[in-house]
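Remarks on the structure that follows.
The values are calculated or read from the model by the stated rules, or taken from the named source; none is laboratory data. For clarity, every value in this text was computed on a predicted model and none was experimentally measured. Don't worry about glycine lacking a Cβ; one is built from the backbone with ideal geometry, like all the others, and counts go over all protein chains shown.
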Amino acid sequence: MFGKKRSWIFGILFFLLLIVVSVFSTSNTPEEYPPYLVESPSPTGLKALYTYLEQNGHDVTQEEALPTMTKETLRVLVNPPVFTDQQTENHYLDYVRQGNTIVLAKENPDGLFNLKTEYALTGSESETTEADYQGEKLEVLQNSFVRLAANEDDNVLLEDDAGALAIERHIGEGSLIVLLEPTWLTNDQITKHDHTSAVFNLIPFKESGPVIFDEYSLTKTGGLVSHFELYPGWAYVLLIQGIIMAIFILWNQGKRFGPIYPVREETVRLSNERLRAIAIWQAKGKNYYASLEYQLDYLKEVIRERYGIPYQQNWTERLAGIAGKTDAISTKELDYIAQGIETILARKSLNKQEYLSWSAKIDKIREEVE
Amino acid sequence: MKRFKSLWDRLLFRDKGIIPTYKLITYYALFTLAMFVLSIWQFSWLFLGIATLLMISLLIIDAFLLPKKEDIEVARTIADEMERYAKQMVTIHFHNRTNDTYTVRLIDGIPESFQTIFPTNQLIPSGKSVAISYEIFPQIRGKYQIDTLYIRLKTKMGLWEKQITYHLSDEVKVIPNLSETKKYLASAQKYLLHEGIKIRKVRSGVGEFSKVRSYVVGDDPRKINWRQSAKLQEMMTNEYEPEHGKSVTILLDCGRMMGVELEEGNRLEKSIEAAITLATAALQNGDQVSVIAFSKEIKAVVPSGKGLEHLDTILQTIYALEVDAQESNYALAIQHAQSIQRKRSMIVLFSDVQTFVNEDYQLFYMKKIRKKHLFVMLGIEDRLLQAQIKMKPEDTIAAMEKSMAQKQYINQKQVMRKWEKHGLPMLEAPAERLAVTSVSHYIETLNRGLL
């Protein structure tokens, strides 16, 4: 019996070991890269362009922070998310005004840096389009369904039949170059079609100083950040362990121990229910005189039982009969009470205050007699 | 679907299963705290995952050490018959067939009216048998089926508890409290001591001849048995005692007014106890006893019988009587009593005086029955009425209630006097003295040779 249990335990330990080993062994599988990362050798990465520039004597760097206010740098933003924070955008704009150049490659940059786009009716169903770069025909891939809406001051760099594919806009001392197709820059596409010449014609690598690939918006903010890295570590610990703890607590509380008892019907009845009902009814009807009569009848009976004073005597005689036999009430007081009772009995009516005060007096005598 | 739902309900929430204990939750909370503190410096999903899995697996090991249902044998010992308001022990026998010691707590499927506290944290050592008892205090009469026994076992580590249910069928009858009856049977004379009545032979020469004994000074010389004195050369005297073989009919009212709560149980409860004591006294005296319980209809009938064995028949018939929320039909009960009791008998009605005070109608039937039988009505004194009579008249309602109570009391007295005039005595006794009053009235009746 026990041996069987022990084998169970070993089984579990083995299983655990298996999990640990498998976790470590599977960590060698190809890493997943988000698209448009400079280090990414995957088809969606930008490693090819980056290395090419690096090997050809350009001063290329990558940054994951907001730009500092230098001059004459070329900053490449590939597919950044639309900035939710106005401050970030203003920071970039200030950076351009300082005399720097920003290259923005995004499929639909509408809303970024005050750019506008419009839907393009591309008649052809082919993947590629023929774009015109200063009279030169380039065959390039088209993914975007929009075209840039150029202002009068904007310098249209590249356009096809549907509209502008790339423009240059001067802001302050610097300029903003907008490109609609970030895919041309990727490892997979840069050498295909006429992308190479398009990219190198559009982006002034040669003329500019240091080239900076901006990954601030790719890593730090926006939808590209993994859900598993969004919050500080302790929050995840609390979340995961909290869920497990909650399961344990619910499990512990949820299991019924013992039988289910149906709710017991209330059956307690008291013997004074009828009396109470009558009393309330009488009080509403203000039948004070009748009530006082009942109290006097009872008192009569009690005095008869105790002192043998017969019923036919009136109250003056009766109370005179018990005078001197009680301690708490003096003879004078008894005489006064007797007269009061006689008056009320003759009048046959009394108000609430009289009723209460006489009830108290009668009760006092009753207590004394009993 | 419904079947699945009930199965789900049973397994997940009621029947067998494994439950994490508070100890486990505490341990896990400590682990969570440790992980939390660590994560402030360093956090890794891999570490978190492995550590959590490891912790859970460690905790789960204990769950595999719990026994199976077959490993623990359980039996229940409970009395078939128990008296109301008499404490009783119920014993659960455990036999542990495994090599481990377990801690057990249990909840038995006894009715709610059996007040109890179930034992917790009882050890059942490996390979041994243990009896665990708990005390029950039955509150309500009746016949009950007891079936399921729920137990929860845990190992020494106590991280998990296993709930197992056993189906052990038992039938339990809660009969009226017989302490009054037992007191009477132990010593009738002592039982009636406070009433001041002796079971004695009052009128000389009245009743049945009982025995011959030696003459002592003070005996009636008219009762000297001369023949025996001559034979034995010693003065002998005859002794007589009240006649045997009379009939007593007990009528038990189970109507609305009998449901009134007293300090301990309700009026019916006390009436049943008194009725059984009276039946015991009568049966022991050699009389015949029949019982009719009624409310709107006849609820139970025990035809007349003799001997103390008949008491058991009575008990088995009336032990489960309950109060009905209806007015009692006295006419029907009395008619029935007359139809089953042709001989002259003493009819004792356990009821409430109030009902008769407010209605004159009943008197008509009672007067008719008076012609043939000896009738007495026994009621329980209303303590609440007495309290209300003595209440301070502090406000109008209180004063009104007080005056109404006083009026009712006076009325009641008058009606009781009126009935007595018709030869229908009505007795009122405090709840705890009802049995004594009924028995003493019965003995008095016999002593006076009224029956």
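Residues in region B:6-53 that are over 27 Å from A:Gln253 (Cα atoms) and polar (S, T, N, Q) were compared, and the one that is surrounded by the fewest Cβ atoms within 10 Å (Cβ to Cβ) is B:Gln42. On the basis of being of a type in the set (Val, Ile, Thr) and within 14 Å of another protein chain (Cβ to nearest Cβ), does B:Ile443 make the cut? No. All conditions but one from (1) touching a residue at least 60 places away in the same chain (Cβ under 8 Å); (2) within 60 Å of the chain's Cα centre (by Cα) apply to A:Arg366; the one that does not is (2).
Among the criteria (1) out of contact with any Gly (no Cβ under 9 Å at 6 or more places or on another chain); (2) at pLDDT 80 or above; (3) over 30 Å from A:Leu53 (Cβ atoms), the one A:Lys255 does not fulfil is (1).
For region B:32-51, taking the residues that are under 27 Å from A:Phe14 (Cβ atoms) and at the interface with chain A (Cβ under 7 Å from one of its Cβ atoms), the one that is modelled with the highest pLDDT is identified as B:Thr32.
Taking B:Leu54, is it over 30 Å from B:Leu153 (Cα atoms), assigned to a helix (DSSP H, G or I) and at the interface with chain A (Cβ under 7 Å from one of its Cβ atoms)? Against the criterion (over 30 Å from B:Leu153 (Cα atoms), assigned to a helix (DSSP H, G or I) and at the interface with chain A (Cβ under 7 Å from one of its Cβ atoms)), B:Leu54 does not qualify.
Restricted to region A:224-237, and to residues there that are out of contact with any Pro (no Cβ under 6 Å at 6 or more places or on another chain) and either outside any helix (DSSP H, G or I) or surrounded by 17 or more Cβ atoms within 10 Å (Cβ to Cβ) (or both), the residue that is nearest to the other protein chains (Cβ to nearest Cβ) is A:Gly233.
Among all positions in region A:334-342, there is no residue which is within 60 Å of the chain's Cα centre (by Cα) and of a type in the set (Val, Ile, Thr).
To keep it simple, each residue is scored yes or no on (1) within 22 Å of A:Asn287 (Cβ to Cβ); (2) of a type outside the set (A, V, I, L, M, F, W, C); (3) in contact with a helix residue (DSSP H, G or I) (Cβ under 7 Å, 6 or more places away or on another chain); (4) assigned to a helix (DSSP H, G or I).
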| site | (1), (2), (3), (4) |
| --- | --- |
| A:Ala328 | no, no, yes, no |
| A:Ala346 | yes, no, no, yes |
| A:Leu356 | yes, no, yes, yes |
| A:Ala360 | yes, no, no, yes |
| A:Glu368 | no, yes, no, yes |
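No other residue among A:Asn56, A:Asn28, A:Asn100, A:Asn108 is among the polar types (S, T, N, Q), modelled with pLDDT of 75 or more and more than 15 Å from A:Val211 (Cβ to Cβ) apart from A:Asn108.
Among the residues in region B:386-401, are any of a type in the set (Ser, Thr, Tyr) and closer than 29 Å to B:Glu264 by Cβ? No, the conditions are met nowhere in region B:386-401. Of the numbered conditions (1) touching a strand residue (DSSP E or B) at 6+ places or on another chain (Cβ under 8 Å); (2) surrounded by fewer than 19 Cβ atoms within 10 Å (Cβ to Cβ); (3) within 11 Å of chain A (Cβ to nearest Cβ), B:Tyr150 satisfies every one except a single condition; which is it? Among (1) touching a strand residue (DSSP E or B) at 6+ places or on another chain (Cβ under 8 Å); (2) surrounded by fewer than 19 Cβ atoms within 10 Å (Cβ to Cβ); (3) within 11 Å of chain A (Cβ to nearest Cβ), the lone unmet condition for B:Tyr150 is (2). Would you check if A:Thr183 is surrounded by 15 or more Cβ atoms within 10 Å (Cβ to Cβ) and modelled with pLDDT of 80 or more? No; evaluated as a whole, the condition is false for this residue. Filtering region A:253-306 to residues that are in contact (Cβ under 8 Å) with a residue 60 or more places away in the chain and either more than 7 Å from chain B (Cβ to nearest Cβ) or not polar (S, T, N, Q) (or both) leaves A:Lys286, A:Tyr288, A:Tyr289, A:Leu292, A:Leu296, A:Tyr298, A:Leu299, A:Val302, A:Ile303, A:Arg306.
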